[in-house]
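The values are calculated or read from the model by the stated rules, or taken from the named source; none is laboratory data. Remember, it's a predicted structure, so these values are computed and weren't measured experimentally. Glycine also receives a Cβ, built like all others from the backbone with ideal geometry; neighbour counts cover every protein chain displayed. Quick note on the areas: whole protein, heavy atoms, side chains included, nothing else; ligands and nucleic acids left out. Shrake-Rupley method; radii C 1.70, N 1.55, O 1.52, S 1.80 Å.
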Amino acid sequence: MTMSFARSLTLKLLGTLLVTALLLAHAAAQPPMGGGDPFGAGGAPPAGPRKPGAPPVAPDEIRRAESIVIQQIRESNPTTALQIIGAAQSVLNFGRPDECKKYLEKFVAGKFPDDQLAALPATYGSAFFVDLGSNEKLQPEGAQVSTQVLTAAKKASEDPARLAALVKAVSDTNFEAASTALTKLEQAGPNLVGPVLQAIADPARSAEHQRLYAALIDLADTTTAPLLGTLAAAPEAQQIIAANVLGELRSRDAVRHLLAPALAPEASPPLQAAARRALTKIMGGVPKLHESELYLLRQFEQLKDGQQPFTVDADNNTIVWQWDDASKAPKASTLPLQDALRQLYARLATDLVKINAKNPEYQRLRLLHQLEFAKAIGGQGRPLAPTSPVVVLAKEAGPDMVVDVLSLAMTQKMHAAAIGATEILSLTGDAKLLSEDSPYMSVLSTALTHADRRVRNAAALAIVKYQPQKAFPGSSHVVEVLGDAVRTAGVDRALVIDGRGDYAQTIAGLLADQGYLAEIAVGSHDAFRKATNGTDYEFILVSDVLDLPVTEMVQLLRRDRRTALLPIGVIVGTDTVADVPKIIHDRNYRDPVGKIRSRSVDDVAVLLANDSRTYVAPRPHNAETVSFLTGEVRKRAGRDWTSREERLANGRAALAALKTLASDKDTLNRYGVLRTEPALIAALNNPTLLAPAAEVLGMIASPKAQTALVDVASQVLRPLSDRQAALAGLQVAIKSRGIGLTKQQILDQYARYNASENLDSETQAVLSGVLDALESRRPAVPTSAPAKP
């Protein structure tokens, strides 16, 4: 019924369209009004000869023919989904988007079921519906129709029941029915592979196997990638099928994945046989064991040299297939290219171990690359789950193997693997790893100086957990790392470096509008000092108006571990457009701080091209350009970027570790916990860290610590809980070390208490508690002080 309507509509329109086409062609053959192109070029080609007496076609006649076609389509009164889309396509092709919108509106109002929507791309093509969604003249109806149809088509292509029915129909004895099923199955895309594999793996459907094998081979462009994913971790029956098909397809990409099943001692005879047959068809034979190992090792080198097998999109993402146990089928996932490469490295290393399990180098490679992939995918800021496969593998390998992997990861700048290795060492290692009797720093101690703050933090927390009984090489770095973590302000921070304080302050103000607490540095010395002391910055903006070339400033920051991985925005260029003539004619103008800025944005970008964490941009002057700049700079951090929440969590973990060290007099002195005193005092201004910081300061009990605790406890505008936490810390400090306050400070506390007569009872209780703590260690109240009631 539907198709007959479409044919009827086509026949009705055919005659009208033919007449219209002739009229339009005839009109096009006439010379343009005015005799041609008035500019003498780019005009239409000369008109052909006219028959004597042939009348020109009036525009009214063309419009009349056009209206007849539109009227014919209207009179057809389309009602089904197929009919309405056919009418919409026809009028759109006739140059009437306004008329097309009416049919699209009718289509949306029709609320057609998904089965009717899913069938439309097969008739009109998916590209037509994509165009509907992007054609500005058809909105919003065009986007609504596009979304409805393409979503329904995708859902249908993934429907297991529908796919299973099509797989069954491929083996139909009726040739036409089987061909139709195969065509529909092809439209389903790679999703067809799972149901076909299940059918072939079913012995009860052996009569269908030959046709289904043929379908996988015929649809090679669609099936090859899912079959490669199937070889990795699918059940053995599916792996055998995949090997057989890939062999028939002569897939060169399959070689790297067929070697392990062909040569691994634990592979079953049927799987070995299938893999060997496939390799013979692809390569002419099966490589020897040593040759296979060398081949896989060469794959590592080729991947590092950029010879990768993936197709990437405009965003540098690629589609990766792997077996999914839940759906019993290969499943596609979109990954950034670097993650896809990490996954492939891990797979190749795992295959090396399968081929030669006794080689410790291969075992290290497997753990290294599996850690790198698992940590990158799972989130570098989130701990690995204790039950995850890579943690289980690491525990089986033992701490010494994990230490070797940590060393490899740091050497090869595989930050995710280094973070994962240090986390696992905190679960499995002990103080023996610290080389207490050696003059050289251990691998774990070296991690305390790593450029990645997550590696440093994880190493420090692991070492504190070991509770070593004596000093070791590198032990001084432990509290340094913990102190850096405690310094977090709990806000988004940035550093602006410029030779002119007023301009730097302007940029800082614009950053403040975006929620950043921005500090400024004037000159290279001030910049380096602040950048390396303030380890809580999210990024740095550095201007070329500086007392040394901006490229040298960037290189200086890159050489220090505390700023080596920070994203840096380099701002280059003139101050305003009006400054350009001055800079051209007045050499002194372009040298405001003793440094001639003679390079353009492109020049600096070329010099810093190898620094992927640096972004070079023209000098911003308003909120919009600063917002764009900060967004681009932050992207350069990638997964190394740490959120304020993560930094606060690191601060809390560091304070817990410092509490452990400060709780024992020997460890407090051995590690030099007193060096963290400035960071702990600063943490009293961070509501999230105040309570644990006050507790550690109470354990340190130095005069500065007691002064800071008294000041917080006495600030009546502070939240009560903060003042109470400071008081608790002060009480511990005085009880353990005595009073560290001066006589004047003690007198000031009595004055504060006596002035609190009109304050709330909770505040009075805190102030009274301060005096109680002081009096508990003093024989009498000072004679010059008012007596406490």
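Scanning the stretch 341-355 turns up no residue that is surrounded by 19 or more Cβ atoms within 10 Å (Cβ to Cβ), touching a Ser or Thr at 6+ places or on another chain (Cβ under 6 Å) and closer than 24 Å to Thr311 by Cβ. Counting just the residues of the stretch 104-122 that are open to solvent by less than 80 Å² (accessible area, probe 1.4 Å) and free of Cβ contacts under 8 Å to residues at least 12 places away in the same chain, which one comes out farthest from the chain's Cα centre (by Cα)? Among those that are open to solvent by less than 80 Å² (accessible area, probe 1.4 Å) and free of Cβ contacts under 8 Å to residues at least 12 places away in the same chain, it is Ala109.
Determine whether Ile200 is among the β-branched types (Val, Ile, Thr), buried (at least 19 other Cβ atoms within 10 Å of the Cβ) and in a helix (DSSP H, G or I). So Ile200 passes the test. Out of all the residues in the stretch 258-276, is one or more more than 37 Å from the chain's Cα centre (by Cα), under 24 Å from Val167 (Cα atoms), of a type in the set (Lys, Arg) and surrounded by fewer than 24 Cβ atoms within 10 Å (Cβ to Cβ)? No, every residue in the stretch 258-276 fails to be more than 37 Å from the chain's Cα centre (by Cα), under 24 Å from Val167 (Cα atoms), of a type in the set (Lys, Arg) and surrounded by fewer than 24 Cβ atoms within 10 Å (Cβ to Cβ).
Scan (1) open to solvent by less than 40 Å² (accessible area, probe 1.4 Å); (2) over 25 Å from Ala81 (Cα atoms) for the single condition Asp172 breaks and write down its number. With (1) open to solvent by less than 40 Å² (accessible area, probe 1.4 Å); (2) over 25 Å from Ala81 (Cα atoms) applied to Asp172, the lone miss is (1). The number of residues in the stretch 233-248 being under 33 Å from the mean Cα position of the chain (by Cα), assigned to a helix (DSSP H, G or I) and surrounded by fewer than 20 Cβ atoms within 10 Å (Cβ to Cβ) comes to 1.
Output yes when any residue across the stretch 427-438 is part of a helix (DSSP H, G or I), touching a Lys or Arg at 6+ places or on another chain (Cβ under 8 Å) and over 21 Å from Gly672 (Cβ atoms), and no when none is. Yes - at least one qualifying residue is present in the stretch 427-438. Looking at the structure I just gave you, is Asp221 in contact (Cβ under 8 Å) with a residue 24 or more places away in the chain, open to solvent by 40 Å² or more (accessible area, probe 1.4 Å), of a type in the set (Asp, Glu) and in a helix (DSSP H, G or I)? Taking the combined requirement at face value, the residue does not satisfy it. Taken as a whole, the condition of being touching a residue at least 24 places away in the same chain (Cβ under 8 Å), within 42 Å of the chain's Cα centre (by Cα) and outside any helix (DSSP H, G or I) applies to Thr688.
One line per residue, one yes/no per condition, for (1) open to solvent by less than 20 Å² (accessible area, probe 1.4 Å); (2) β-branched (Val, Ile, Thr):
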| position | (1), (2) |
| --- | --- |
| Gly379 | yes, no |
| Val392 | no, yes |
| Met401 | no, no |
| Lys413 | no, no |
| Ala416 | yes, no |
| Ile419 | yes, yes |
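Yes or no: the stretch 550-567 includes at least one residue that is under 29 Å from Glu645 (Cβ atoms), acidic (Asp, Glu) and more than 25 Å from the chain's Cα centre (by Cα). Yes, that holds for at least one residue. Every residue in the stretch 449-473 that is aromatic (Phe, Trp, Tyr) and in a loop (DSSP other than H, G, I, E, B), please. Selection gives Phe472 alone.
It is to be established whether one or more residues within the stretch 446-460 are under 22 Å from the mean Cα position of the chain (by Cα), open to solvent by 20 Å² or more (accessible area, probe 1.4 Å) and free of Cβ contacts under 8 Å to residues at least 24 places away in the same chain. No, that holds for no residue.
Among the residues making up the stretch 720-753, those that are farther than 13 Å from Ala691 by Cβ and open to solvent by 60 Å² or more (accessible area, probe 1.4 Å) are Gln731, Lys735, Ser736, Arg737, Thr742, Lys743, Gln744, Asp748, Arg752.
Among the candidates Asp502, Asp430, the residue that is without any contact (Cβ under 8 Å) to a residue 12 or more places away in the chain and open to solvent by 30 Å² or more (accessible area, probe 1.4 Å) is uniquely Asp502. Residues considered: Ala679, Ala656, Ala693, Ala683. Of these, the only one that is modelled with pLDDT of 90 or more, aliphatic (A, V, I, L, M) and surrounded by fewer than 16 Cβ atoms within 10 Å (Cβ to Cβ) is Ala656.
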